[in-house]
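S.K.: The structure's right below; bear with me while I get my questions together.
The values are calculated or read from the model by the stated rules, or taken from the named source; none is laboratory data. Values in this document were obtained by computation on a predicted structure and should not be read as measured data. A quick note on method: Cβ atoms are made from the backbone with ideal geometry, for glycine too, and the neighbour counts reach across all protein chains shown.
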Amino acid sequence: MRTATRDAVALRRYLQRHAETGLPEHVFSTPHWQQVLVIPAYRESSALLERLAQLPEGDGRTLVILVLNRPDSDTDPLANAGLRDALAHSIPQQGRLPQERLPQGRLPQAMRDTVPVHCLNPHTDLYLYDMEMLRGPTPGAQGVGLARKTGCDIALQWMAAGGISGQWLCSTDADATLPTAYFAQLESAAPGAVAAVFPFRHMPGDDAACTHATALYELRLHHYVLGLEYANSPYAFHTLGSSLAIRANAYAHVHGFPKRAGAEDFYLLNKLAKLGAVARLQGDCIELQSRHSSRVPFGTGPAVAAIMAAEHANDAALFYHPQCFEALAALLASLPALAAEPERAIAGLLRDHGLHALLARHAEAALDTLGIAAALAHCRRQSSTAAQFQRHFHQWFDGFRTLKFIHALRDAGWPSCSLREREGLAPQLWPQPKTKPQSQRHNQLERQPEPRIQPLAAEGVHNIEQLLRTLHQHWGWQ
């Protein structure tokens, strides 16, 4: 169990042993910022500064830590020149208000104690950490994960030094436009939440094919979370680094962002979810650009490129077979029996929860490969109650092993399918459009916890925009 003392020890040890070395350290006479937002930037134009100048106001001043980076796979030393030059030509503030128009769009500069910042607007400062110039190109295997970790480590150090009074490390991307209520939405997270994920949507771009492929990819992300919801998995949340906030003390407990070229957000949230609740925020969406991108080796950019390369984008096999989630639901529903009846075969328990024999056998084989026998033995040894057993099981069968389980079933004969193919398969996961007032719907959900998701009307399945709107409505996104 986490306590204030353990949190303090975790923070001190993290900063001493696990934070990146050589980061700027400062002594602060007063807290200058209430909120902090970390943004990695690579091959972004100076237009990014115009977007950042529109950042919403929070409760007090906001600090943006912009981490300029370049992977060693990109040998162009001018990859970040445009943005770097735009910031290099900023001018001292000298009493000028930040919102005034400056020559050639230059930003005013100021000092917060010994920290030089660029004044984006009256309530937002920008601190540039030029990782490329200070440390050289980033090793390809570490990529954006190192950039996010470096920015968050700076923020954590400055929190500990008294420069930042808030306790959330907010993470987003250079192509994101934050909603006006961004920081207010974060306040709705439960006090015990260790992280929060924001609503998001991809906005149409200039390239219609890219916009369509991005919408399909977003549907894929939503479909996976719907499947986890259906199965009552505790890992049913989106994992996007552009739409994420982490409680500072929890960040220290899990040793920060993993230094990976992709999926750093997934692996960080996977660790955080074992520590406490991940809040799924409602309200206005972060708006992400639909754009071509090769900044990371896998993730949104490469996935969208693969969809665009398909002969017919709508026929791309993007969605896990829904029977994979049926098997997951049967497994998680079997936990009480797995705790109480160690002699029972897993396949038999899965059949007891409605899984047909062939899928039950393959699910058992997948679990055997993952090492479930040893895991169950450990869970039984460490547990005296059913609740303890379930908690230990979910520590082992985490988001990563859940994904490996889904992949094993996919490879065993339940292949991924296209949006059209998905329509005729059970269980249906797409939610129905809500027809009742939101308050009435919430009351209904309180009376009937964790309902199974109902199918969308057949005529709406191919209407991607309608489906996205329905999904946003399902999660309380706007």
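S.K.: Given (1) outside any loop (DSSP other than H, G, I, E, B); (2) of a type outside the set (Lys, Arg); (3) closer than 23 Å to Ala189 by Cα, where does Thr214 come up short, assuming only one miss?
M.R.: Status for Thr214: all satisfied but (3).
S.K.: I'm told Ala360 meets every condition in (1) assigned to a helix (DSSP H, G or I); (2) modelled with pLDDT of 95 or more; (3) not assigned by TED's automatic domain parsing to the domain that holds Gln390 except one. Can you identify the failing condition by its number?
M.R.: With respect to (1) assigned to a helix (DSSP H, G or I); (2) modelled with pLDDT of 95 or more; (3) not assigned by TED's automatic domain parsing to the domain that holds Gln390, Ala360 is out only on (3).
S.K.: Contact list please: Cβ distance under 6 Å, first residue in the stretch 261-290 and within 26 Å of Pro56 (Cα to Cα) and in contact (Cβ under 8 Å) with a residue 24 or more places away in the chain, second residue among the hydroxyl-bearing types (Ser, Thr, Tyr) and part of a strand (DSSP E or B), pairs at least six apart or on different chains.
M.R.: So the pair list comes out as Glu287/Thr177.
S.K.: Is at least one residue of the stretch 259-272 in a strand (DSSP E or B), within 11 Å of the chain's Cα centre (by Cα) and at pLDDT 95 or above?
M.R.: no
S.K.: What number of residues in the stretch 161-220 are aromatic (Phe, Trp, Tyr) and under 13 Å from Leu244 (Cβ atoms)?
M.R.: The total comes to 4.
S.K.: Cβ-Cβ under 6 Å, sequence separation 6+ or interchain: first residue in the stretch 330-344 and touching a residue at least 60 places away in the same chain (Cβ under 8 Å), partner surrounded by fewer than 16 Cβ atoms within 10 Å (Cβ to Cβ) and not hydrophobic (A, V, I, L, M, F, W, C). Which pairs?
M.R.: Correct list of pairs: Leu332/Asn232.
S.K.: Same structure again: Of everything in the stretch 39-60, what is of a type outside the set (A, V, I, L, M, F, W, C) and either over 11 Å from Thr177 (Cα atoms) or surrounded by fewer than 16 Cβ atoms within 10 Å (Cβ to Cβ) (or both)? Give them in sequence order.
M.R.: Pro40, Tyr42, Arg43, Glu44, Ser45, Ser46, Glu50, Gln54, Glu57, Gly58, Asp59, Gly60
S.K.: Determine the pairs where a residue that is in a helix (DSSP H, G or I), located within the stretch 406-421, has a partner that is exposed (fewer than 14 other Cβ atoms within 10 Å of the Cβ) and modelled with pLDDT of 95 or more with Cβ atoms under 9 Å apart, the partner being 6 or more residues away or on another chain.
M.R.: Ala408/Thr369
S.K.: Check every one of the strands (runs of 3 or more DSSP E) wholly within the stretch 113-187 and list those with 1 or more residues that are over 26 Å from Met203 (Cβ atoms) and aromatic (Phe, Trp, Tyr).
M.R.: So the answer is 124-130.
S.K.: Going through the stretch 304-354 one residue at a time, which ones are small (Gly, Ala, Ser) and touching a strand residue (DSSP E or B) at 6+ places or on another chain (Cβ under 9 Å)?
M.R.: Ala317
S.K.: Further, regarding this structure: Based on what the data block shows, is Tyr224 within 30 Å of Leu331 (Cα to Cα) and not assigned by TED's automatic domain parsing to the domain that holds Phe183?
M.R.: Yes; evaluated as a whole, the condition is true for this residue.
S.K.: In the stretch 364-372, is there at least one residue being closer than 30 Å to Leu216 by Cα, in contact with a helix residue (DSSP H, G or I) (Cβ under 7 Å, 6 or more places away or on another chain) and free of Cβ contacts under 8 Å to residues at least 60 places away in the same chain?
M.R.: Checked against the condition, which is being closer than 30 Å to Leu216 by Cα, in contact with a helix residue (DSSP H, G or I) (Cβ under 7 Å, 6 or more places away or on another chain) and free of Cβ contacts under 8 Å to residues at least 60 places away in the same chain, the stretch 364-372 yields at least one hit.
S.K.: Being modelled with pLDDT of 95 or more and not in a helix (DSSP H, G or I) narrows it down to one of Glu287, Glu326, so name that one.
M.R.: Glu287
S.K.: Could you check the stretch 11-27 and list, in sequence order, the residues that are surrounded by 13 or more Cβ atoms within 10 Å (Cβ to Cβ) and in contact with a Lys or Arg (Cβ under 8 Å, 6 or more places away or on another chain)?
M.R.: Glu20
S.K.: Looking at the stretch 40-85, which of the residues that are part of a strand (DSSP E or B), of a type in the set (A, V, I, L, M, F, W, C) and in contact with a helix residue (DSSP H, G or I) (Cβ under 7 Å, 6 or more places away or on another chain) is farthest from Glu25 (Cα to Cα)?
M.R.: Ranking the candidates gives Ala41 first.
S.K.: List pairs: first in the stretch 1-14 and in the same structural domain as Gln157 (by TED's automatic domain parsing) and closer than 17 Å to Asp153 by Cβ, second of a type in the set (D, E, K, R) and not in a helix (DSSP H, G or I), Cβ under 9 Å, 6+ apart or cross-chain?
M.R.: Listed pairs, sorted by first residue: Ala10/Arg2.
S.K.: Give the residues of the stretch 111-137 that are touching a His at 6+ places or on another chain (Cβ under 9 Å) and among the hydroxyl-bearing types (Ser, Thr, Tyr), sorted by residue number.
M.R.: Thr114, Tyr127
S.K.: Which residue out of Pro77, Pro40 is under 22 Å from the mean Cα position of the chain (by Cα) and farther than 16 Å from Ala110 by Cβ?
M.R.: Being under 22 Å from the mean Cα position of the chain (by Cα) and farther than 16 Å from Ala110 by Cβ holds for just one of Pro77, Pro40, which is Pro40.
S.K.: What do you reckon, is Tyr235 buried (at least 19 other Cβ atoms within 10 Å of the Cβ), hydroxyl-bearing (Ser, Thr, Tyr), under 26 Å from Ala10 (Cα atoms) and touching a helix residue (DSSP H, G or I) at 6+ places or on another chain (Cβ under 6 Å)?
M.R.: yes
S.K.: Moving on. Which condition number in (1) part of a helix (DSSP H, G or I); (2) closer than 30 Å to His212 by Cβ; (3) touching a residue at least 60 places away in the same chain (Cβ under 8 Å) is the one that Gly301 fails?
M.R.: (3)
S.K.: Could you pull out the residue among Ala195, Ala208, Ala277 that is more than 19 Å from Thr470 (Cβ to Cβ) and surrounded by 19 or more Cβ atoms within 10 Å (Cβ to Cβ)?
M.R.: Ala195
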